[in-house]
Amino acid sequence: MSASLPVTPQRPRTIPTVSAPRRNVAGQLLKKTGLIRGNGEDVSMKEASSSKPQHRSMRSRTTMQAKAMEAVKGKAASMAMQRSSASAARGETPPTTRGPVTSRIPKRPVASEASVVETWKKVVSKRYNAQNLFLNLDNLAVDEDLAKAKITITKTRESREVHVIMKIASQLDPPPITISIANNGFDGSVIFGALNRWLPNVVNLSLIGNKVRSYRDMEIFGGPKWILKKLREIILLENPLHETAVTDGKVELYRNEIARKFPSLEILDNIPLPHIKYGVAPTTPRVPLVPQPARSFPTPMRPSAVAPEIGAFISNFLESFLDKFDNSRPSLHTVYTPQSTFSFSYDSTIPPQARQRGFMYKMPNQRKLDWKAWHGAGSRNLMKTHNSLQDARDKLYTGADDIVVGLSTLPTTKHIVTEGEKFVLDVMQLDVGAGPQLLVTVHGEFVEEPGTIDGIRSFDRTLVLAPAPDNSVAKINGWEAVVISDQLNIRAYSSHDSWTIGPLLTQQEEAEAVISAGPSQTRSENPSAAMSDVTGSGPGEVLHPLLVDLADSQRAAMTQLKAMTGLNYQYAMMCLEANGWDIAQAKSNFDELVNSIPPQLPPEAWIES
Amino acid sequence: MAARDKQLAPPAKKQQVHRPNKIDRPEVDYVNRAAEGFLQIYYECMDGPQRDANIAELYRDTSVLIWNGETVNGAQQIKEFYAKMPQSKHEIQSWDCHPVPGTNPTAILVTVSGIVLHGEMPPKMPQTKKHGVLHRIFSQSFVLTPEPKPMIQPGAEAGQEADRYFIRADTMRFVG
């Protein structure tokens, strides 16, 4: 998810979101208020509300893609994309009947909305080759029909026209799969926003000669992680992003970043990307695995999956490993090899079930925890788009020497391994290396900063272990195994009873049970009511629900930003989350939003609901 | 982008750590991309309306799945297991990946955490009864490994053959 509020594209990506789970209140709110640029943008024409549903069946997608391939192969659509700038610009329109009457009305500089849409429809359809499924929108500035109708196009990110064009294009039948929008100078974020909203299944795309400036342009705030999931080929030549990459000698990095944005991409700027494939040849068209989805889980929750013969070995190893991790991290030098890898990431999502149970206020020290220390140490959460490929390289520790440096940056911990029920392990053998290896996944909890903060975190840790060779440094230091690979993920606390052995209900089953139980069975856990006795506030004083799950430092930041801006809790939180809980930065982001024209914050941002 | 960002960037707050033994590993970019593409495909197949049968194609006979402690061996059994699994909706919140050292061809260790719902939601869930539809937190780790490349066909250019990744190991737990 993008780390910025809308209209702040210039925020450097080095300032990441500290805790902005994708399903946070803010994100949903943004969607509701239409603040999200791109897929939430209001096109404001009547037409726009009757959008085609974006969902298509798997089958039809596949067919489309097959057609796309044919078009590219047979009719050389990708070549057409390069040639197109010239051909479209020539205005190959047959001299059709006169356009809408607008031009006859004297002294009326701007055409009426309806006639504008009519003109756009005409322009789009004349530029569509339905046989090749190829839509050529190159050089719109010199289009005769647009000029005649005196239609000008806003090129900036606020452009409505780009959305109108894409919406009309989405109504073409059959829908286009190859689109060239070359030489229009459009802002990159509005192009990708409009494509994501109206033509998410585009396969071949030429954006030569536009203003794609940053990788961020390919992200939708609060939207899905990946957009344009069918994209096979894209051309971004003559855009600032590409030009900067060339100037800086970083074309390879640029190519990798683009490939990362569009995992299905095969050709970038006319040059094939290294292929990566998954699985056996996928069946086309795709077929459903299940005729009728099951209602219940196939198995209950099971205990740790560890073969009995290695049980003792694993638990001895982990006990020792976690003890050293807690008490003398530098001594772990001997358990890693010169090739071993380590990295950590944190997931700041507030676990919904833990939230409902109110751990934040029922447990003594949870509100002292925030993510600043983990964030500062360099979380390698690759879901966060502020982690560029270079960051991903930097945040990977390789070799024992480097790893112990990395470990030393993390907050101190205490794993209470004597309380066995608080941990669960899944272990399996691997055969991907030269010798036998074990894949070990541990889930559990630890005390963060024991003695000072004493809050509880949950964690997941995945290790690849190999037997320590005789006479190796590891063996001499008492290790039976070496750690080949080590990935640590830290989460907000959620109880170990998640893995209590026994039946598992789907959320559907739970919901149905609640409905059939009737109104008297409503659970009475109301966080804000239950909290007052712990926070010391009087019974009449109820903490705002959004503050419930926040650390004390975050609550203080909320109060401060509210005082400075008058924003309501929801918007204050949205603003802080997007700015890594940095008050100064949140305030300047706020100023930017308020002072932009048109203002980017809706009136309800100041109204407490 | 770079130039503009530099202008506006406030002083970096990142913890500065001296890492004398740090090595830059450009080959990690490829691994990231492979893992990212995999995750997109995996969860799209998994969460499809009726689950996509292609999910089974991501496993092979040597694959092992441990699902909440239940061990399932081999592509066929995994396929049957997934056919009995209710409809799901995963949302990744965090993921990370490494090339596994000492593997040739390079295997990839991927870890994911996020939120998940199972089953279809009753359409008329009253607002006050939202308790029933709380997401779980899931944690999942994969080891991906490319299939050994076939012998290069006469006439084909060396190195052009795509890496084709399989799931060698898959462990999933509900953890919150």
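The values are calculated or read from the model by the stated rules, or taken from the named source; none is laboratory data. Owing to the predicted nature of the structure, the values given are computational and were not obtained by experimental measurement. When we count neighbours, we look across all protein chains shown, and the Cβ atoms used for this are built from the backbone with ideal geometry, even at glycine. Quick note on the areas: whole protein, heavy atoms, side chains included, nothing else; ligands and nucleic acids left out. Shrake-Rupley method; radii C 1.70, N 1.55, O 1.52, S 1.80 Å.
Based on what the data block shows, is A:VAL117 within 23 Å of A:GLU238 (Cβ to Cβ) and not hydroxyl-bearing (Ser, Thr, Tyr)?
no
Residue check, A:ASN471 against (1) within 21 Å of A:SER340 (Cβ to Cβ); (2) within 14 Å of chain B (Cβ to nearest Cβ); (3) out of contact with any helix residue (DSSP H, G or I) (no Cβ under 8 Å at 6 or more places or on another chain), all met but one. Which one?
(2)
Identify, from the list A:SER494, A:SER516, A:SER472, the residue that is small (Gly, Ala, Ser) and under 21 Å from B:MET172 (Cβ atoms).
A:SER494
Please verify whether region A:518-532 includes one or more residues that are at pLDDT below 80, surrounded by 13 or more Cβ atoms within 10 Å (Cβ to Cβ), more than 34 Å from the chain's Cα centre (by Cα) and not in a helix (DSSP H, G or I).
Yes: one or more hits.
Go through the residues of region A:200-220 one by one and say whether even a single one is on the phi > 0 side of the Ramachandran plot, at pLDDT 95 or above and surrounded by 23 or more Cβ atoms within 10 Å (Cβ to Cβ).
So far as region A:200-220 goes, no, none of its residues is on the phi > 0 side of the Ramachandran plot, at pLDDT 95 or above and surrounded by 23 or more Cβ atoms within 10 Å (Cβ to Cβ).
What strands (runs of 3 or more DSSP E) lie completely within region B:25-141 and have 2 or more residues being at the interface with chain A (Cβ under 7 Å from one of its Cβ atoms), open to solvent by less than 30 Å² (accessible area, probe 1.4 Å) and closer than 25 Å to A:GLY433 by Cα?
By residue number, B:59-67, B:88-99, B:108-118.
Would you confirm whether any residue within region A:281-288 is at pLDDT below 95 and part of a strand (DSSP E or B)?
Taking every residue of region A:281-288 in turn, at least one turns out to be at pLDDT below 95 and part of a strand (DSSP E or B).
Of the residues that make up region A:176-190, is at least one among the charged types (D, E, K, R), within 28 Å of A:GLN390 (Cβ to Cβ) and surrounded by fewer than 21 Cβ atoms within 10 Å (Cβ to Cβ)?
Checked against the condition, which is being among the charged types (D, E, K, R), within 28 Å of A:GLN390 (Cβ to Cβ) and surrounded by fewer than 21 Cβ atoms within 10 Å (Cβ to Cβ), region A:176-190 yields no hits at all.
Evaluate region A:247-259: report whether one residue or more is more than 25 Å from the chain's Cα centre (by Cα) and more than 7 Å from chain B (Cβ to nearest Cβ).
Within region A:247-259, one or more residues are more than 25 Å from the chain's Cα centre (by Cα) and more than 7 Å from chain B (Cβ to nearest Cβ).
Of these, A:LYS395, A:LYS414, A:LYS422, which one is under 28 Å from B:PHE166 (Cβ atoms) and either open to solvent by 10 Å² or more (accessible area, probe 1.4 Å) or not charged (D, E, K, R) (or both)?
A:LYS395
Quickly run through region A:292-313 and pick out the residues that are within 7 Å of chain B (Cβ to nearest Cβ) and not small (Gly, Ala, Ser).
Across region A:292-313, the qualifying residues are A:PRO293, A:ARG295, A:PHE297, A:PRO298, A:THR299, A:MET301, A:ARG302, A:PRO303.
So how many residues does region A:134-154 have that are more than 37 Å from the chain's Cα centre (by Cα) and of a type outside the set (A, V, I, L, M)?
Of the residues in region A:134-154, 5 are more than 37 Å from the chain's Cα centre (by Cα) and of a type outside the set (A, V, I, L, M).
Just a yes or no: is a residue in region A:455-464 assigned by TED's automatic domain parsing to the domain that holds A:ILE350, in contact with a Gly (Cβ under 9 Å, 6 or more places away or on another chain) and of a type in the set (Gly, Ala, Ser)?
Taking every residue of region A:455-464 in turn, at least one turns out to be assigned by TED's automatic domain parsing to the domain that holds A:ILE350, in contact with a Gly (Cβ under 9 Å, 6 or more places away or on another chain) and of a type in the set (Gly, Ala, Ser).
Pick from region A:206-226 the residues that are within 11 Å of chain B (Cβ to nearest Cβ) and among the hydrophobic types (A, V, I, L, M, F, W, C): which of them is nearest to the chain's Cα centre (by Cα)?
Top of the filtered list is A:TRP226.
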